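See structure below.
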Amino acid sequence: MKAWITTLAVLALAGSVVAGNGPGDGTGSGTSSQDKQQVKDQLNTSDPSLEKECKLDGVPDEVKDCVQDMTQARQQYQNQLQTCKEEMANCTDEEREQLREQLKEQLKDRACDREQLRERLREMRECLPDHQELMEEAQEQAKKRRGE
């Protein structure tokens, strides 16, 4: 049971650190950004064997399922993190520059698309009659129906 409480405390601390409510959150605790990064790195690379030590005797099945889901999610995240690290390590300066250029082009295309949409919207607004014109037309049609 003690291991279970320790695991829950570590998970709670991890959540508060990631959310910015724990050590190093700028509330005067004196923890530097380097220390904060070190804590995040430790949390990201935590040892899954710690959970094996944790015994879940007497814990509801829902909690056990949640712990298992969190374990699987953490493992998937660790795998993604490792893959990203490997890709970054293998990436050349030329590839990085090429990616930057692609992103710049995409941003330019989006800006151009937005401007085209704004222009089309202006044109549509000019084509549509304003409220006063619609009201006058409606009054004229109503008079015609009444036979005036």
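Within segment 105-120, the set of residues being open to solvent by 100 Å² or more (accessible area, probe 1.4 Å) and under 25 Å from the mean Cα position of the chain (by Cα) comprises 106, 107, 108, 110, 114.
Does residue 96 fit the bill of being surrounded by 10 or more Cβ atoms within 10 Å (Cβ to Cβ), outside any loop (DSSP other than H, G, I, E, B) and at pLDDT 90 or above? Don't jump to the end; show me each part of the working.
Numbers: surrounded by 10 or more Cβ atoms within 10 Å (Cβ to Cβ): yes; outside any loop (DSSP other than H, G, I, E, B): yes; at pLDDT 90 or above: no.
No, not satisfied.
Selection of segment 74-93 for residues being surrounded by 10 or more Cβ atoms within 10 Å (Cβ to Cβ), part of a helix (DSSP H, G or I) and of a type outside the set (S, T, N, Q) yields 74, 77, 81, 84, 85, 86, 87.
The values are calculated or read from the model by the stated rules, or taken from the named source; none is laboratory data. The structure displayed is predicted, hence computed values, not measured ones. Every residue, glycine as well, gets a Cβ built from its backbone with ideal geometry; the counts of neighbours run over all protein chains shown. Note: accessible area is taken over every heavy atom of the protein model, side chains too, but ligands, DNA and RNA are not part of it. Shrake-Rupley method; radii C 1.70, N 1.55, O 1.52, S 1.80 Å.
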